[in-house]
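For reference, the structure is listed below as structure tokens.
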Amino acid sequence: MESKLSLLLSLLCLLACVHTSFSASGETNSFESVPDLEKSMYREIEGFPCVRLLNLSGEIGCSNPGREKVVAPIVRFKNSKELTGPATVLVSVDEFESLLSRVSKDSDFARKVAGILVESENLVQNGFNGFSPDVKFPQAELAPYPSNNFQWNPTGSGIMWKAYNFPVFLLSETSTSIMQQAAIASENNKKSYTKVVTEFDLVMQTTKSGTHDSESCLKEGTCLPLGGYSVWSALPPITFSSSPKAKPIVLVITSMDSASFFRDKNLGAESPISGLIALLAVVDALSNVGLEELNKQLVFSVFTGEAWGYLGSRRFFLESDQQSDTIKGLNLTAVETVMEIGSVGKNSPQGTKTFFAHTAGNASSVNETLSALHHAQDSLSGNVMVKRASTSNPGVPPSSLMTFLTKKPEISGLVLEDFDSAFSNKFYHSHLDDLSNINSSSIVAAASLVARTLYIQAGGKDPLSINSIKINASLVEELLGCLLDCEPGLSCGLVKHYISPSTTCPSHYVGVILGAPSTARYPAYAGDISRFIWNFLADKTALPSKNVSSSCPKHCNGDGELCIRQEAVEKGVCVISTTRYVPAYSTRLKYEHESWTVVPSNSWDMMGVKDPVWTESNWDMIRVRVYTVQNDGYDHLILLLGILVTLLAYLVIFLGRTLVRKALKRD
């Protein structure tokens with residue numbers, strides 16, 4: 001009897017020891033709800049995704065390979081050149097290109113890459129040689145001349161134009177630190193029974209539905225066309241009764257959108273936002289000068305979608321051909337000269353600022369524009385220098401002017417850039433093309449040159465008036481903070497003076513067209529940047545309205561009247577201005593019956609024939625999180641111990657019942 005009791009006590013002690021070994025070390029966590037428990041288990045990672053984009057011939061960008069989430073342990077690329085199994089690869093920006101190159105060349109290695117996390121770091125300030133995911137001649141297929149393998153973008157790798165069947169995220173600075181620590185901890189605890197894993201939720205609807213090109217995904221409704229709204233404005237306003245004969249037009253253009261490997265980390269500071277800021281500063285300066293008596297009309301146009309097949313400028317021409325209300329008052333046949341403000345932010349803060357004039361078209365008109373540029377240069381007392389671009393260049397650099405030269409080969413055009421034969425921007429179409437990549441003094445110099453040139457081109461000859469045209473350097477600084485930084489970002493006073501922005505951190509990705517493209521005066525789905533530019537230009541180019549006290553837009557319907565600042569002030573402000581939104585999307589797309597269709601190209605429209613028709617896949621959620629899991633060997637051990645404990649418990653119960661029965665019989 002004593003031996004049986006001794007055995008029972010021994011088994012109970014064993015069970016107690018097993019229970020203790022799996023208990024916490026003395027600390028306990030209390031959870032009040034399931035979300036509290038989930039937060040303690042999973043850590044959300046801040047990042048910027050690479051998403052799936054499609055065209056008529058296929059797809060580019062990134063997506064989970066199937067319908068499910070991807071889960072894999074973290075390894076650092078620099079410490080794990082060979083992968084033993086599926087892994088999330090943590091990589092620095094300077095090794096990112098080499099990693100993707102390895103993926104494209106080594107299929108066995110590629111199969112083991114479950115996802116990629118790219119560390120956030122400022123390589124501009126660290127003297128990095130360059131990082132451009134675009135090709136060496138961006139959009140060469142749409143150039144009005146043979147490319148002949150010319151390299152406008154020598155640092156270009158072309159990685160953003162390939163398709164990757166795994167998720168890729170750019171980490172925020174905070175998340176970079178978290179993931180580096182997690183990767184190091186995993187490396188130092190290889191013998192531990194736990195491992196840190198990432199979970200990617202980047203399931204694209206085009207992948208789920210098997211629609212792998214724009215035509216099929218538009219038909220199935222799993223994607224939307226890239227696009228938005230361009231803006232144009234006349235200075236002074238075009239009034240139909242003011243002149244019996246239309247004046248020749250000098251058209252000044254630039255772009256508001258950029259591109260990047262990562263959808264929402266897309267600033268494009270040097271290319272093209274430095275040119276956009278210069279144009280806005282030019283309009284501000286010229287709005288203080290009397291232009292009504294000059295013999296040419298100035299028109300300013302800011303296109304969106306230019307990084308994706310010149311969507312904005314090509315749609316601009318089509319809207320004109322169709323005599324749309326969006327182009328009402330603007331006769332493109334009267335355009336005499338086109339001047340584009342390109343990348344102008346890379347000149348050194350000290351010394352003379354040098355810019356290059358890339359020209360094309362009618363020789364006499366080109367020479368007239370160059371003469372005006374040099375006249376303006378001389379008026380700036382040696383602070384600015386203009387040089388004609390090298391004749392060895394095959395033509396103008398990638399720019400909206402290419403659309404005009406293709407549509408109207410006889411037109412005179414000039415692109416003002418801060419480079420001659422190769423981009424000075426080593427981070428072209430990269431997330432690293434941010435505020436640290438440019439300086440405001442270069443933009444002020446370019447704007448000063450353009451403003452005085454336009455005044456001279458329009459017929460202004462008075463030296464005092466020319467010298468009085470000055471750029472507001474404080475406005476340029478403010479625009480840099482509003483359009484290229486999160487602090488203050490779009491919550492800055494200048495932007496909020498005109499609109500109520502939907503977000504704070506700016507992004508210059510073109511986005512997608514929501515709903516039917518609108519030709520209305522105030523389209524419902526225009527983005528923050530387009531709405532700000534429209535209000536700014538309408539304000540700066542405006543004449544006072546007699547309806548100052550009237551509420552608008554309801555009572556702002558007079559000849560040439562517009563309602564500005566209606567998001568920022570209760571009633572809005574009624575002004576006289578020729579400022580319009582123009583839809584920007586592929587000329588080969590048609591919206592009818594609440595869906596998009598691809599229309600056949602016209603043989604006479606060379607750019608339309610080559611139009612890729614870009615779309616973006618829909619998705620339900622994009623998320624990355626990290627957590628700790630037990631390895632498989634440990635799971636098997638737990639299973640065996642569980643079976644052992646169950647057997648021991650059964651044995652204890654059996655022996656206990658036997659002892660109780662015997663004790664009861666004796667009683």
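Side notes on the structure shown:
Yes/no matrix, rows are residues, columns are (1) within 14 Å of residue 540 (Cα to Cα); (2) under 15 Å from the mean Cα position of the chain (by Cα); (3) among the polar types (S, T, N, Q):
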{"residue": "272", "(1), (2), (3)": "no, yes, no"}
{"residue": "279", "(1), (2), (3)": "yes, no, no"}
{"residue": "285", "(1), (2), (3)": "yes, no, no"}
{"residue": "294", "(1), (2), (3)": "no, no, no"}
{"residue": "300", "(1), (2), (3)": "yes, no, no"}
{"residue": "304", "(1), (2), (3)": "no, yes, yes"}
{"residue": "313", "(1), (2), (3)": "no, no, yes"}
{"residue": "318", "(1), (2), (3)": "no, no, no"}
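- Of the residues making up segment 70-96, those that are surrounded by 17 or more Cβ atoms within 10 Å (Cβ to Cβ), of a type outside the set (S, T, N, Q) and touching a residue at least 24 places away in the same chain (Cβ under 8 Å) number 13.
For (1) crowded, with 24+ Cβ neighbours inside 10 Å; (2) over 30 Å from residue 561 (Cβ atoms), each residue gets a yes or a no:
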| position | (1), (2) |
| --- | --- |
| 446 | yes, yes |
| 467 | no, yes |
| 482 | no, no |
| 489 | no, yes |
| 531 | no, no |
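- Test: residue 236 is surrounded by fewer than 24 Cβ atoms within 10 Å (Cβ to Cβ) and in contact (Cβ under 8 Å) with a residue 12 or more places away in the chain: yes
- Exactly one residue out of 545, 507 is open to solvent by less than 30 Å² (accessible area, probe 1.4 Å), out of contact with any Ser or Thr (no Cβ under 6 Å at 6 or more places or on another chain), in contact (Cβ under 8 Å) with a residue 24 or more places away in the chain and not β-branched (Val, Ile, Thr), and it is 545.
- Qualifying residues in segment 304-320 (those that are among the small types (Gly, Ala, Ser) and in contact with a Leu (Cβ under 7 Å, 6 or more places away or on another chain)) - the one surrounded by the most Cβ atoms within 10 Å (Cβ to Cβ): 305
Table: residues versus (1) open to solvent by less than 10 Å² (accessible area, probe 1.4 Å); (2) touching a Leu at 6+ places or on another chain (Cβ under 7 Å); (3) of a type outside the set (Val, Ile, Thr); (4) farther than 23 Å from residue 68 by Cβ.
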{"site": "163", "(1), (2), (3), (4)": "no, no, yes, no"}
{"site": "168", "(1), (2), (3), (4)": "yes, no, no, no"}
{"site": "174", "(1), (2), (3), (4)": "no, no, no, yes"}
{"site": "182", "(1), (2), (3), (4)": "no, no, yes, no"}
{"site": "200", "(1), (2), (3), (4)": "yes, no, yes, no"}
{"site": "204", "(1), (2), (3), (4)": "yes, no, yes, no"}
{"site": "215", "(1), (2), (3), (4)": "no, yes, yes, yes"}
{"site": "223", "(1), (2), (3), (4)": "yes, yes, yes, no"}
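- At least 1 residues being more than 30 Å from residue 208 (Cβ to Cβ) and touching a strand residue (DSSP E or B) at 6+ places or on another chain (Cβ under 6 Å) is the threshold, and among the strands (runs of 3 or more DSSP E) wholly inside segment 508-622 those reaching it are 561-564, 573-576, 579-584.
- Selection count where residues are assigned to a strand (DSSP E or B) and among the aliphatic types (A, V, I, L, M), scope segment 201-217: 1
- If you go through segment 146-161 and keep only what is surrounded by fewer than 22 Cβ atoms within 10 Å (Cβ to Cβ) and aromatic (Phe, Trp, Tyr), you end up with 150, 161.
- Any hit, segment 611-618, residues being of a type in the set (D, E, K, R) and either more than 30 Å from residue 216 (Cα to Cα) or surrounded by fewer than 21 Cβ atoms within 10 Å (Cβ to Cβ) (or both): no
- Test: residue in segment 573-594 that is among the acidic types (Asp, Glu) and modelled with pLDDT under 85: no
- Those strands (runs of 3 or more DSSP E) lying entirely in segment 321-422 with at least 1 residues under 21 Å from residue 231 (Cβ atoms) and either touching a helix residue (DSSP H, G or I) at 6+ places or on another chain (Cβ under 8 Å) or open to solvent by 10 Å² or more (accessible area, probe 1.4 Å) (or both): 335-341, 412-417
- Answer residue from segment 385-424, given it is among the hydroxyl-bearing types (Ser, Thr, Tyr) and within 22 Å of residue 250 (Cβ to Cβ) and is farthest from the chain's Cα centre (by Cα) among those: 412
For (1) within 47 Å of the chain's Cα centre (by Cα); (2) surrounded by 15 or more Cβ atoms within 10 Å (Cβ to Cβ); (3) of a type in the set (Phe, Trp, Tyr), each residue gets a yes or a no:
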| site | (1), (2), (3) |
| --- | --- |
| 561 | yes, yes, no |
| 565 | yes, yes, no |
| 574 | yes, yes, no |
| 585 | yes, yes, yes |
| 595 | yes, no, no |
| 646 | no, no, no |
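Residues are listed down the side, and each one gets a yes or a no for (1) modelled with pLDDT under 95; (2) open to solvent by 10 Å² or more (accessible area, probe 1.4 Å); (3) in contact with a Phe, Trp or Tyr (Cβ under 9 Å, 6 or more places away or on another chain):
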position	(1), (2), (3)
243	yes, yes, no
254	no, no, yes
261	no, yes, yes
277	no, no, no
284	no, yes, yes
295	yes, yes, no
299	no, no, yes
302	no, no, yes
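- Failed item, numbered, when residue 178 is tested on (1) at pLDDT 95 or above; (2) assigned to a helix (DSSP H, G or I); (3) among the β-branched types (Val, Ile, Thr): (1)
- Residue 550 being of a type in the set (Gly, Ala, Ser), at pLDDT below 95 and either open to solvent by less than 60 Å² (accessible area, probe 1.4 Å) or touching a Pro at 6+ places or on another chain (Cβ under 8 Å) (or both): yes
The values are calculated or read from the model by the stated rules, or taken from the named source; none is laboratory data. Small disclaimer: the values here were computed from a predicted structure and weren't measured. Every residue, glycine as well, gets a Cβ built from its backbone with ideal geometry; the counts of neighbours run over all protein chains shown. SASA here: full protein model, heavy atoms, side chains in, ligands and nucleic acids out. Shrake-Rupley method; radii C 1.70, N 1.55, O 1.52, S 1.80 Å.
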